[in-house]
Each structure stands twice: as structure tokens, then as C-alpha cells.
Amino acid sequence: MIYIKEAILHIFDVNSDEPIFSFAGLDISEKFTMDYIHAMIEKVEDSDNMKKGVLAEGNPMISTFSTLTTNFIETTKALTEKFFSITKLNPEIPPADLLFVYFTMDEVPHLGLFKLNYSNSITHHISYESEQLTNQLVVNQSILPSARQAIQEGMVLNLNVMEYHVIEKKHLIDELAEKVFYFTEMFLEDKPQPSLKENIAIIKKAVQKTSKAFNEEEFQVLADTKDAIVHSMTEENVIDNQMIAETLYGDNYAKKEKFFEEVQEMGYVDRAPAEVAVAGPKYSKQKFRLDNGIEISIPIDLYKDPEVVEFINNPDGTTSVMIKNIEKIKNLF
């Protein structure tokens, strides 16, 4: 159960590269405001891009976060000052407003910090010139994302144990001359674990490298990998690296060793939480694109049923796909 206690919005002034602080909170009695805040929290918590981390005991941000429950407005101003001191020096980082929310989740105090990037939109402007009313088109450069739109950066922080959930994006930092996750590395001064999406991408790359090393047909192994990942998420709510290796390689220890070597080198975190509610729908189908332009989408629970679909290796080295026992075909035009 989420209970919103306080919320405030600090604005980035694109004309002066400085923040415009609010000295009073948002009106959280407004249903629109409450719905918007709840949507922002869900966008972090329900994303497969979400990464988890815990601020270490000596992290300098802990002392600032610890004052939030007793002095919400001043603490958010201090956090805004640090955040904008990073972004204003790096023009590739999009300008944005910062939305801070103090709330409890299951009676545990949390901070929500959401970066609301600006977008452009055209609106009308009414002016009077020489006592004549004139309607003009103008560009509004500070349009915030709607409740339905995705956000690129945001954080939910457990204020009791300093564990955070974050979604973020790499941006070019001029001083470093490279793209980094500035939200965690420079603002939070921490490094979280890979997200579910990143973990799955690491497994995919490791499988591809292992297949290449042993001259295997990649499409088949990747399909089996996807099946194993979904099974692991369904059965245990984690991605079990050992189970995936057993499913793919059985008693072939050379392939297993190569696979484990690759995932470890790329930073995979084994048995990290993987909620099926987040990842399941994206992995409910096996999708193939053939070199002749045909695309096939097969429900994952039917993929291994030989009475439904069969992949046939031909003597000339090509592959045929046979779809079986079809009673009715519907055009999805």
C-alpha cells in the first residue's frame, strides 16, 4: 500500500542554467497530481530496465537522505542543487524538472525522485498589437511527460535501509569524454546491479559467443535459451544461470565453462530477482526472421511441440520450417 505524504517540483531554468526552487509542496489533494505520482512510482518499480543497489555505509549521500523525513523541502533543494550542478555542465543531458515524493510503501518510508525531461510542443499565443487581437503559433519547450509516457530516469529509495531501485540512461559527460550512467555514478555515487533486461542481454551475448566458438546453429540455441529463461522466471522468480547452462549444454563441460566464463566477464548477477509480471509478456513468444524476409511468431509453450512446428535440417545445409495441423487461418490485416 502506497501513501503519499509530500511532493514537490523543482524546475530547471533553461535560460539561466539554474534551478527554480519551489518553497511549498504540490497539492496532493488533487486527484490528477496523485494519479501522476503513482504512475511515476510504477514506471520505476515495474520496468525490466530497473536496477537495484544499496548505498554503502560511507556513502556521502546517506546523510542528506536521512534529513528528508524531517525537512523535506530543504533536503530536496539540496538534492536538486547537486543534480543540476552535474547536468548543466553536460549539454547532452536533457533539461528537466525534478519531482520529489516522500511516501510510505507498506508503512516503510521511501523517497521517489523522477527526472521529467522536457519535450517541445506547439500551442497558441494571444497577443494585442495596436489594439488588434492576434493569434500566433509558439513552441512550448518545457512540456513534461504525461502519466502514460515512459521516463528515462527515476529512483525509488527505501529510507530505512538505503536500498534503491533506479532506471537510468547513459549520457556523455564532457569532463570524462565518455558516456556514463551519471544518475548513479555521479549523483548517487554508487554502482547498482544490472537490470533484468541487462542480465538477459548478457546471457544472450554469452550464448551467442559460446555457439560461435563451437560452430553451433545460433537460432536454435537462442530459442532454447529464451525458453529456459522464462521457465526459470516462472518457477523461481529468478534467472538461474546454472539451470540455463544445464538446459542448453547438459554434460558438455567445455561449453558450460565457456558460457560461465562469458557471463562472468560481462558482469552478470546470478539469481537476481526476475518478476514474471515484468518480463513474462515480452518472452511469451519465440520470434524468428528468416533470410527470405518471412517472420514467424510462435507461442513459447507450443515451440517445442513436434505436432505443431518442426525445424528440419536439409542435406544442402538449408533449414525448412514446417507448421502442422492447422485447422483455420485468420488474416490479421
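The values are calculated or read from the model by the stated rules, or taken from the named source; none is laboratory data. Predicted model, so just to flag it, every value in this text is computed and none were measured. Ideal geometry is used to build each Cβ from the backbone, glycine not excepted, and the neighbour counts take in all protein chains shown.
Looking at LEU196, is it out of contact with any Lys or Arg (no Cβ under 8 Å at 6 or more places or on another chain), touching a residue at least 24 places away in the same chain (Cβ under 8 Å), among the aliphatic types (A, V, I, L, M) and farther than 23 Å from PHE259 by Cα?
Judged against the criteria, LEU196 is not a match.
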Open item on the list: Being crowded, with 20+ Cβ neighbours inside 10 Å, at pLDDT 95 or above and not in a strand (DSSP E or B): is that true of THR76 here?
Closed with: yes
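Here is a check on your reading of the model: is ILE20 hydrophobic (A, V, I, L, M, F, W, C), surrounded by fewer than 14 Cβ atoms within 10 Å (Cβ to Cβ) and assigned by TED's automatic domain parsing to the domain that holds GLU153? I'd like the intermediate steps shown before the answer.
On the way: hydrophobic (A, V, I, L, M, F, W, C): yes; surrounded by fewer than 14 Cβ atoms within 10 Å (Cβ to Cβ): yes; assigned by TED's automatic domain parsing to the domain that holds GLU153: yes.
Spelling it out, ILE20 is indeed hydrophobic (A, V, I, L, M, F, W, C), surrounded by fewer than 14 Cβ atoms within 10 Å (Cβ to Cβ) and assigned by TED's automatic domain parsing to the domain that holds GLU153.
In this structure, does ALA78 turn out to be touching a Ser or Thr at 6+ places or on another chain (Cβ under 9 Å) and without any contact (Cβ under 8 Å) to a residue 24 or more places away in the chain?
Working: touching a Ser or Thr at 6+ places or on another chain (Cβ under 9 Å): yes; without any contact (Cβ under 8 Å) to a residue 24 or more places away in the chain: yes.
For ALA78, the condition - touching a Ser or Thr at 6+ places or on another chain (Cβ under 9 Å) and without any contact (Cβ under 8 Å) to a residue 24 or more places away in the chain - is met.
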Open item on the list: Which numbered condition in (1) modelled with pLDDT under 90; (2) crowded, with 17+ Cβ neighbours inside 10 Å; (3) of a type outside the set (Asp, Glu); (4) touching a Ser or Thr at 6+ places or on another chain (Cβ under 9 Å) is the only one that PHE219 fails?
Closed with: (2)
TODO: Select the helices (runs of 4 or more DSSP H) contained entirely in the range 239-333, then report the ones holding at least 2 residues which are free of Cβ contacts under 8 Å to residues at least 60 places away in the same chain.
DONE: 241-249, 253-265
Open item on the list: Of the residues ASP190, ASP174, only one is loosely packed, with under 14 Cβ neighbours inside 10 Å and either closer than 17 Å to LYS82 by Cβ or not assigned by TED's automatic domain parsing to the domain that holds SER232 (or both); which?
Closed with: ASP174
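Results for (1) surrounded by 15 or more Cβ atoms within 10 Å (Cβ to Cβ); (2) at pLDDT below 85; (3) not assigned by TED's automatic domain parsing to the domain that holds PHE219, shown as yes or no for each residue.
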position	(1), (2), (3)
MET243	yes, no, no
LYS255	yes, no, no
PHE259	yes, no, no
PRO281	no, yes, no
GLN286	yes, no, no
ILE300	yes, yes, no
TODO: Go through (1) out of contact with any Lys or Arg (no Cβ under 8 Å at 6 or more places or on another chain); (2) crowded, with 18+ Cβ neighbours inside 10 Å; (3) touching a residue at least 24 places away in the same chain (Cβ under 8 Å) and name the single condition LEU98 misses.
DONE: (1)
TODO: Considering (1) among the polar types (S, T, N, Q); (2) within 31 Å of the chain's Cα centre (by Cα); (3) assigned to a strand (DSSP E or B), say which one ASN90 fails and leave the rest.
DONE: (3)
- [ ] Scan the range 100-125 for residues that are more than 21 Å from ASN71 (Cβ to Cβ) and of a type in the set (Gly, Ala, Ser) and report the count.
- [x] 2
- [ ] Check whether at least one residue in the range 156-167 is closer than 26 Å to PHE260 by Cβ, touching a residue at least 24 places away in the same chain (Cβ under 8 Å) and crowded, with 18+ Cβ neighbours inside 10 Å, and report yes or no.
- [x] no
Open item on the list: Condition first: surrounded by 13 or more Cβ atoms within 10 Å (Cβ to Cβ) and farther than 17 Å from PHE83 by Cα. Now tell me which residues in the range 56-69 satisfy that.
Closed with: THR69
TODO: All but one of (1) touching a helix residue (DSSP H, G or I) at 6+ places or on another chain (Cβ under 6 Å); (2) assigned to a strand (DSSP E or B) hold for THR234, so report the exception by its number.
DONE: (2)
